[in-house]
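S.K.: Structure provided below as structure tokens; questions to follow.
The values are calculated or read from the model by the stated rules, or taken from the named source; none is laboratory data. This is a predicted model, so every value here is computed, not measured. Here Cβ is always computed from backbone atoms with ideal geometry, including for glycine, and neighbour counts include all displayed protein chains.
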Ligand code: ASP
């Protein structure tokens, strides 16, 4: 009944200069980990800033984690940089086929600073990874003793140790006095069927376009010639300037275009406003309702779906799970 720990780098492993801590160094620095009574089997995969992680790397980690589960591991912990953690966690959630917890964590303060948060986060993550209460919840992010569902978690602060939050739903659990307390059990959603192969992933280009004040839409020109999908981060409930509405409508006739909100929380609407460039106008022009999904996770999902060969109906259905 071991825990499989995969390390990918990030602030949690920064030991000053170009020195990087290994998984063994990380676990050695955690008081209380041995007392958990679960051996931690470490695999050091990468030592990179999380800005350098790729979808292909994360799918390889999922494969290695699956193998660890087949070999008897109770749960998985991944340590990585925090910058892309909300995206990697969501990606894992889409493809993780097991009931066993898959927990991702990191740190905001590196080990050379006063009050590094890595050891506490790693200990809490290990507790969640081996907790029966955390089974069947998919991928989880554990940070500052809070347990977040991958589909809702956001990095909401650039430096605070309380950087992770789930603005739409709150954390689904907490680690209290070393006990894992699950407060809400969201149903697992259908993940992405099939496995995206590296060549397909490489060939699947999905753009993210954030709409801004007085937007000229210039970057959208010719986009369907170079990309297979587009996520639009619209104003508020999913609005764009009127001049962009026909441009997006024309793109939606050629590639899937998903409508999300750039606000950071809340859902896009469907039928409240009707002016040109409003949410209902854009949906009528063929854009896909991204619901509560933030633009970054929407891009991960659309790329995975396209890379596995899913068509428009399946893509629309996958996003409908987030309404
Ligand atoms: N820039 C770092 C990274 O994402 C930040 C961190 O780990 O917290 O790799």
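S.K.: For the range 70-77, check the following and say yes or no: at least one residue is modelled with pLDDT of 95 or more, within 16 Å of the ligand (Cβ to nearest atom) and crowded, with 23+ Cβ neighbours inside 10 Å.
M.R.: Yes, the range 70-77 contains a residue that is modelled with pLDDT of 95 or more, within 16 Å of the ligand (Cβ to nearest atom) and crowded, with 23+ Cβ neighbours inside 10 Å.
S.K.: For a quick check of your reading of the model, give me the residue pairs whose first member lies in the range 272-293 and is touching a residue at least 24 places away in the same chain (Cβ under 8 Å), whose second is in a helix (DSSP H, G or I) and surrounded by 24 or more Cβ atoms within 10 Å (Cβ to Cβ), with beta-carbon atoms closer than 8 Å and at least 6 apart or on different chains.
M.R.: 272/279; 273/279; 282/248; 285/248; 287/248; 290/298; 293/301
S.K.: Restricting to the range 92-123, name every residue that is in a helix (DSSP H, G or I), within 16 Å of the ligand (Cβ to nearest atom) and either modelled with pLDDT under 95 or surrounded by fewer than 24 Cβ atoms within 10 Å (Cβ to Cβ) (or both).
M.R.: 119, 120
S.K.: Scan the range 19-48 for residues that are within 14 Å of the ligand (Cβ to nearest atom) and part of a loop (DSSP other than H, G, I, E, B) and report the count.
M.R.: Here the count works out to 1.
S.K.: For the range 1-18, enumerate the residues that are more than 21 Å from residue 85 (Cβ to Cβ), surrounded by 15 or more Cβ atoms within 10 Å (Cβ to Cβ) and within 15 Å of the ligand (Cβ to nearest atom).
M.R.: Residues of the range 1-18 more than 21 Å from residue 85 (Cβ to Cβ): 1-2, 16-18.
Within this subset, residues satisfying the condition of being surrounded by 15 or more Cβ atoms within 10 Å (Cβ to Cβ) are 2.
Hits for the range 1-18: nothing passes.
S.K.: Is it fair to say residue 89 is more than 12 Å from the ligand (Cβ to nearest atom), crowded, with 24+ Cβ neighbours inside 10 Å, within 21 Å of the chain's Cα centre (by Cα) and assigned to a helix (DSSP H, G or I)? Spell out how you get there, then give the answer.
M.R.: Details: more than 12 Å from the ligand (Cβ to nearest atom): yes; crowded, with 24+ Cβ neighbours inside 10 Å: yes; within 21 Å of the chain's Cα centre (by Cα): yes; assigned to a helix (DSSP H, G or I): yes.
Yes; evaluated as a whole, the condition is true for this residue.
Residue-wise test of (1) surrounded by fewer than 21 Cβ atoms within 10 Å (Cβ to Cβ); (2) away from the ligand (no atom under 16 Å from the Cβ); (3) under 22 Å from residue 323 (Cβ atoms); (4) touching a residue at least 24 places away in the same chain (Cβ under 8 Å).
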| position | (1), (2), (3), (4) |
| --- | --- |
| 85 | no, no, no, yes |
| 130 | no, yes, no, yes |
| 140 | no, yes, no, yes |
| 159 | yes, no, no, yes |
| 169 | yes, yes, yes, no |
| 184 | yes, yes, yes, no |
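S.K.: Which residue out of 81, 9, 37 is in contact with a helix residue (DSSP H, G or I) (Cβ under 9 Å, 6 or more places away or on another chain) and on the phi > 0 side of the Ramachandran plot?
M.R.: Values: 81 fails: on the phi > 0 side of the Ramachandran plot; 37 fails: in contact with a helix residue (DSSP H, G or I) (Cβ under 9 Å, 6 or more places away or on another chain).
Only one candidate passes the filter, namely 9.
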